[in-house]
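Laboratory data are not the source of any read-out in this text; all were calculated from the coordinates shown. Just so it is clear, the structure is predicted and the values come from calculations on it, not from any experiment. Ideal geometry is used to build each Cβ from the backbone, glycine not excepted, and the neighbour counts take in all protein chains shown.
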């Protein structure tokens, strides 16, 4: 396994692999790996001949008020974990390599990014789609793997790849969870013990919603109200959003008819957590 | 020579060429060819092993008030001319192939697009950078060829390719002119005989400016004032802009110190014409 720091080196490796007829899988990450990341890498390993991951905490997707500077980083630990699951190359550039002086180009997906995290984090998706476009041009993958915990991000990337005719297959992978149901996140390390307990209200509220859905409930508000009440009954929680959205457009639906997702963002103490569940899919916990 | 209508077919051809180790040159066009287009194709022919051109009048770069519907089109004639200069594939998609229902992704270069045509045509560059990104992903070229008559567009594409790490070489080609100096443009067919005469004031004013520059003049306003006066002295002309800009940032300069361009946009009758000259370069007419 090799760590590459420049776009030029990475592109040379990608060109060489492609010339040899080898399929490249790519998992973009911000590092500080948990079991969810390693699962994405294992999927990548299976669907192609070689596996590239990127480790890059992308400044353009953080607002000035957010945790860019304090976002957890541990390249040495990540390196060992990546090697353990069979990663071939880690692309880990410096900020000046990705955004040199005079940088001024952005990619924006307009529709599916408007709701949910697009409201609370107005620059977030523009940063994500821009850095992913850059990374796709650098790594030149045949297939890329995204976690579905960031469901709106997964829908946004899928939409961007299709709209811009990127010749890349996007694979979405189910959320990896702690044994008690908490969705894996690099930000879980921020949680104090009491907050960790309250954070369980997110995944449990997904079960609550799925139970209502399986019982025949299709009115969004009839599901949303008890979910909100349940989460709010836990100390240290502050709801950012709890919504039911169409998975194609990510706009709110009043009644579940086509494929719909229950999407949550909740501040637990100072830590913002997200989780989601697509109605009708198995809820693996 | 073959005409391809879908992104999928074009990508399959590009993949096949790349697997055989052949370099792909690409010239994006809106068709209705004149000698300038054919010159770009001849350059493309020389710098790679095979040559793809696109013919597509891109709706997203026209404002509702502009000439999208009436923009001149003649695919049969274009096909013969392209074949004559050795084009291998023409990619000519339908609008529904490029912008299907639900389309919502745009690429924007922020800095160099703000001035000049970015003022008079606010959506123009976003349309150009978006369609070029799509075409690059469809044609997968090693090298792409742009005319420098659209100088701000050439700078914008160069900036986008660098910012988004597209692994493509951008070649800029000098403006092709009529024997009397008028820059070739598909829109020249709109000009009535008297307007055609007045249109010469654009290229002649470039000579005027170059003369002053060669005589040692470096103050932008001292060059701009007589250029404006000269163009305005011709019937049917209405100046959109006449400016001296830094070629790296496309912002106005008061004094010519680094590389600078004199950029003109003038309405002659109902036809908007552009022309430009980079100070110090040979002015070939």
- Two-site label geometry, residue A:225 and residue B:120: point separation in nm, points 7 Å out along Cα→Cβ: 6.0
- What average count of beta carbons from other chains do you get within 10 Å of the Cβ of residues in B:9-22? 1
- Item | Listed residues A:215, A:44, A:127, most fluctuating in chain A (Gaussian network, C-alpha, under 10 Å) | A:215
- Message: On the principal axes of its Cα set, how long, how wide and how thick is chain B? Give whole Å, largest value first.
- Response: 55, 39, 38
- Query: Since chains A and B are linked by a rotation, which residue in A has the beta carbon closest to its axis, and how far is it in Å?
  - Reply: A:107, 3
- Tell me the label-point distance for the pair residue B:285, residue B:238, using the 7 Å Cα-to-Cβ offset, in nm and rounded to one decimal. 2.5
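Classify the protein assembly as shown from the C-alpha gyration tensor, please: rounded if a/c falls under 1.5, else prolate or oblate depending on whether a/b exceeds b/c.
prolate
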- Sort shortest first the distances from residue B:75 to its counterpart in every other copy, using label points 7 Å along the Cα-to-beta-carbon line, and give them in nm. 5.2
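Where both residues lie in chain B, what percent of DSSP beta bridges are antiparallel, nearest 5? Kindly include the intermediate steps, with their values, before the conclusion.
Details: 20 of 39 bridges.
About 50 percent, rounded to the nearest 5.
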- Message: Which of A:80, A:118, A:102 ends up with the largest GNM mean-square fluctuation for chain A, with Cα atoms connected below 10 Å?
- Response: A:102
- Per-residue ellipticity at 222 nm attributable to helices in chain A (runs of n ≥ 4 DSSP H, -39500 (n - 2.57) apiece, nearest 500 deg cm²/dmol) works out to -12000 deg cm²/dmol
- Classified through the alpha carbon gyration tensor (a ≥ b ≥ c as square roots of its eigenvalues; rounded if a/c is under 1.5, else prolate when a/b is larger than b/c, else oblate), segment B:187-237 comes out prolate
- Query: How many Cβ atoms of partner chains, on average, are near each residue of A:129-138 if near means within 10 Å of its Cβ?
  - Reply: 4
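Using Cα pairs under 8 angstrom and six or more residues apart, how large is the relative contact order of segment A:186-278, in percent? List each step's numbers first, then the result.
On the way: 143 pairs, mean separation 27.7, N = 93.
The normalised contact order for segment A:186-278 reaches 30 percent.
In percent, how large is the relative contact order of segment B:144-226, given Cα pairs closer than 8 Å and 6 or more residues apart?
On the way: 53 pairs, mean separation 18.4, N = 83.
That works out to 22 percent.
Is segment A:152-272 rounded, prolate or oblate when judged by the Cα gyration tensor, a ≥ b ≥ c being the square roots of its eigenvalues, rounded requiring a/c under 1.5 and prolate requiring a/b larger than b/c? Working shown, then result.
Details: a/c = 2.12, a/b = 1.26, b/c = 1.69.
Taking the square roots of the gyration eigenvalues as a ≥ b ≥ c, segment A:152-272 is oblate.
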- According to a simple spin-label model (label point 7 Å from Cα along Cα-to-Cβ), what is the distance in nm between residue A:180 and residue B:69? 6.5
- Find the centroid of the Cα atoms in segment A:230-266 and in segment B:12-42, then give the distance between the two in whole Å. 48
- Message: Measuring nothing but label to label, 7 Å from Cα along Cα→Cβ, what are residue A:187's distances to the other copies in nm, shortest first?
- Response: 4.8
- What residue among A:70, A:92, A:203 shows peak mean-square fluctuation when chain A is described by a Gaussian network model with Cα springs under 10 Å? A:70
- Query: Relative contact order of chain B: what whole-number percent is it, with Cα pairs under 8 angstrom and at least 6 residues apart?
  - Reply: 18
- Message: Using a 7 Å offset from Cα along the direction of the beta-carbon, what are the separations from residue B:251 to the same position in each other copy, nm, ascending?
- Response: 4.0
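What FRET efficiency do you get for residue B:189 and residue B:83 if R0 is 25 Å and r is their Cβ-Cβ distance, rounded to the nearest 0.05?
FRET efficiency, residue B:189 to residue B:83: 0.70.
Hey, fewest Cβ within 10 Å first, where do A:162, B:126 land in order?
On the way: A:162 15, B:126 19.
Final ranking by Cβ density, sparse to dense: A:162, B:126.
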